[in-house]
Structure formats: C-alpha cells, structure tokens
Amino acid sequence: MRGLALVVTFAAAALGAGCGFHLRGSATYAVSSIHVASPPTLPFTQELKRALTDAGPARVLDLPQGAEVILDIVAISDDKSVLSLSPGGRAREFLLARRVTFVLRSPEGAVWLPQDQIEIRRSYLYDDTERLAREIQEQRLLKEMQSDAIAQIVRRLQSARRP
C-alpha cells in the first residue's frame with residue numbers, strides 16, 4: 001500500500017512539472033526603488049506598500065526623493081448598486097465595485113505605465129432577517145476586492161519598462 005502511495009505521489013509530481021506549473025516566487029521589477037503617491041493613512045496605501053515590499057527586491061520609499069519611479073494612485077472609488085429586487089420591492093442582491101486608477105512615472109514625469117484603471121466587482125445576496133451577517137459579508141468582500149486590486153497592480157508593475 002505504501003508503494004502505491006509513493007507511485008501516486010511521483011506521478012502527481014511528474015504531471016505538475018510537465019504542465020508548466022511552478023510556484024509564483026518573487027516579483028521582478030525594472031526599478032530598484034518606488035514611491036507610492038497616495039495618502040499614507042489609507043488602508044489601501046498601507047497594504048499596497050506591504051505587498052510591494054513583500055513581492056520583490058525594489059525598495060518602497062516614504063518620500064519621492066531618491067525614488068526611481070513614482071506610483072501615483074489617482075483615484076480609489078467604491079460603488080454599491082442594487083442588482084435585483086424581491087417581489088416586495090426590497091433590495092435582494094447588491095453589486096459592489098472598486099475602481100483604482102493609477103499611473104507609473106519617473107520623478108521627471110516620463111511615463112513608465114500610462115494611466116490605467118483596475119475594476120473589481122462582486123455581488124452578494126441580502127436578507128433583512130440576517131442583517132448583521134450580510135454587513136460582515138460586505139466588509140469581507142470589500143477587503144478581498146482591495147487585496148485583488150493590489151495584486152493586479154503589483155503584477156502590472158512587473159511589466160513596466162523604462163520609456
């Protein structure tokens with residue numbers, strides 16, 4: 001039985017290696033230092049700086065002086081709209097949307113990545129009888145959306161090249 005488990009393990013490893021799967025690893029940037037131009041007290045800014053620091057060797061500087069590039073967070077907006085109504089006319093399903101607009105530029109103004117926008121959407125059902133649970137679910141979804149937007153920004157920064 002142990003031999004069979006060993007064979008299955010090796011077969012799974014061979015299949016994983018054969019399909020091109022590999023662990024994500026650290027990010028590689030064409031820059032050595034970056035400054036995030038966004039209010040430092042925003043949770044979005046704090047999580048973005050932490051993600052950039054954890055992702056690769058580029059240093060995240062608190063001040064634009066000495067930074068090779070500046071990541072300008074132009075706008076962050078959240079939107080909540082009703083997707084469907086119950087037969088009684090009450091909101092039954094909501095759509096949450098988070099939009100982050102950003103541009104990557106040098107301190108002199110040369111554009112590394114033109115202005116771009118990331119939009120994350122999530123829907124959820126709402127029930128008046130479970131109000132607290134749905135409010136907690138909405139906060140959890142907003143946090144996940146923020147993390148997804150930050151991960152997309154980090155991935156896009158990897159494609160940035162000197163103009």
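What follows is calculated from the coordinates using simple rules that are stated; it is not laboratory data. Owing to the predicted nature of the structure, the values given are computational and were not obtained by experimental measurement. All Cβ positions, even for glycine, are placed from backbone atoms using ideal geometry, and neighbour counts span all protein chains on display.
Data table
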quantity	calculated
Long-range HN-HN contacts of Trp112 with modeled amide H, under 5 Å	Leu104, Arg105, Ser106
For segment 73-83, 3J(HN,Hα) per residue [Karplus equation, 6.51 cos²θ - 1.76 cosθ + 1.60, θ = phi - 60°, Hz, x = Gly/Pro]	8, 6, 7, 10, 9, 10, 9, 9, 9, 7, 8
Charge sum, other residues only, whose C-beta stays under 14 Å from Gln46's C-beta, Lys/Arg counted +1 and Asp/Glu -1	0
Neighbourhood charge, 14 Å Cβ-Cβ cut-off, centred on Arg131 and excluding it, Lys, Arg +1 and Asp, Glu -1	-2
Per-residue ³J(HN,Hα) for segment 127-141, Karplus 6.51 cos²θ - 1.76 cosθ + 1.60, θ = phi - 60°, Hz, x for Gly and Pro	9, 4, 6, 10, 4, 4, 4, 6, 5, 5, 4, 4, 5, 5, 5
Other-chain or far-sequence residues with amide H under 5 Å of Val74's (modelled H)	Thr101, Phe102, Val103
From phi via Karplus (6.51, -1.76, 1.60), per-residue ³J(HN,Hα) for segment 153-161 in Hz, x at Gly/Pro	4, 4, 5, 5, 5, 5, 8, 5, 10
Distant-in-sequence amide H partners of His35 (H built 1.01 Å from N, under 5 Å)	Leu61, Val69, Ile70, Leu71
Cut-off 14 Å between beta-carbons: net charge of the residues surrounding Pro163, Lys and Arg +1, Asp and Glu -1	+1
